[in-house]
Amino acid sequence: MVPRARRPLMLGLGVQTPLCMALLGLLAFGSAARAADIKVAVAANFADPFKEIAAKFEASSGHRLVASLGATGQFYAQIVEGAPFDILLAADRATSAKAVREGYAVAGTAYTYAVGKLVLYSPTAGVVDGAATLKAVAFTRLAIANPNVAPYGVAAVETMQALDVLDALRPKLVQGNSIAQTFQFIATGNAELGFVALSQIATLAGGSRWIVPETMHAPISQDAVVMTGAKEIAAAQAFLTFLKTPQARSIIEKYGYGGGD
């Protein structure tokens, strides 16, 4: 008796039956559904640590962070006009509180992710010698962020007021639209020195700097908050949770920030 021929056994993805194809499609859909593009308005002083944190968050979560960098006050004006941000990483506490109060942010989501430090900085050694530098007024231009939109600009004004030098220095002030532009004024020589965030120069060698005592200005408590118009609320919450992890905290502290909530 001649044995009947046996059908070859087909394993793996070589055979794509309708059922197999449907399962693969569901898996692909589920994977795509879990990933999200999160739109984040990031205060300019937090640009460098944000880049590092974002890379780690994206690698671990599969989500993608789409960042806009700028001044907190300008971001708030954009939010009022309907800008589609999922998260605001502000440079102060007041803006996030205002956003919650006026219905632009989700109540209960705001918390302090970092406490900033103000620095008087020059890329040239020997230029900055503490408060004495401001009192001597021996320079042509002093850069600060616009206090109407940038909390670090407010802190700079408060520092000059505390030292009773604001009126004397007013003719020498050059204002940047954000702390990032303020730093550029100094880096390019358009101002010999200026008030910047410690995070902007924490990894730079050389130059001269004075970390302004926190008693000379109101605390620069920087709050994060989820926006009510967020299209990716779950993913946004996941990122704010990640900001509290030891992995993220170590990066924040590396750039000179104090601890948050």
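Computed from the coordinates by the stated procedures, all read-outs in this text should not be read as laboratory data. Since the structure is predicted, the reported quantities are computational estimates derived from the model, not experimental observations. Neighbour counts run over all protein chains shown; Cβ positions are idealised from the backbone, glycine included.
Numbers at a glance
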{"read-out": "Cβ-defined net charge surrounding I179, 13 Å radius [Lys, Arg +1; Asp, Glu -1]", "value": "-1"}
{"read-out": "Ordering of 243-255, 181-193, 87-99 by burial proxy (mean other Cβ atoms within 10 Å per residue, highest first)", "value": "87-99, 181-193, 243-255"}
{"read-out": "Extended-chain gain in nm, criterion 0.36 nm per residue less alpha-carbon gap, D129 and A59", "value": "20.9 nm"}
{"read-out": "Cross-link partners of K56 among lysines (Cα-Cα below 19 Å; sequence separation of 8 or more within a chain)", "value": "K39, K244, K254"}
{"read-out": "Candidate aspartates and glutamates - alpha carbon under 14 Å from K117, same-chain residues fewer than 8 apart omitted", "value": "D92, E158, E214, E253"}
{"read-out": "Helix 151-162 vs. the chain, principal-axis angle (Cα, 0 to 90°, nearest 10)", "value": "20"}
{"read-out": "Spin-label model distance (nm) - A97 vs T203, 7 Å beyond Cα toward Cβ", "value": "3.3"}
{"read-out": "Calculated P(r) of the chain - Cα pairs past 30 Å, %", "value": "39"}
{"read-out": "Angle between the chain longest axis and helix 18-34 axis [Cα atoms, degrees, rounded to 10]", "value": "10"}
{"read-out": "Calculated FRET value between K172 and K231, using beta carbons and R₀ = 41 Å, to 0.05", "value": "0.35"}
{"read-out": "Most positive-pole-ward Cα, F46, S96, L65, against dipole of the chain from beta carbon charges", "value": "L65"}
{"read-out": "GNM result for the chain, Cα springs below 10 Å: residue of I144, I179, I233 fluctuating most strongly", "value": "I233"}
{"read-out": "Between helix 47-61 and the chain: long-axis angle, C-alpha atoms, 0 to 90°, nearest 10", "value": "20"}
{"read-out": "L163 versus R141: modelled label distance in nm, points set 7 Å from Cα along the beta carbon direction", "value": "1.9"}
{"read-out": "Label-to-label distance, nm, for residues given as E81 and E253 (7 Å Cα→Cβ offset)", "value": "4.0"}
{"read-out": "Cubic angstrom per residue, convex hull over Cα atoms of the stretch 116-216", "value": "86"}
{"read-out": "Helical contribution to [θ] at 222 nm, DSSP H n ≥ 4, -39,500 (n - 2.57), averaged over the chain, rounded to 500", "value": "-11500 deg cm²/dmol"}
{"read-out": "Nearby aspartates and glutamates by direct alpha-carbon distance to K231 (threshold 17 angstrom, same-chain neighbours under 8 apart not counted)", "value": "D37, E81, D86"}
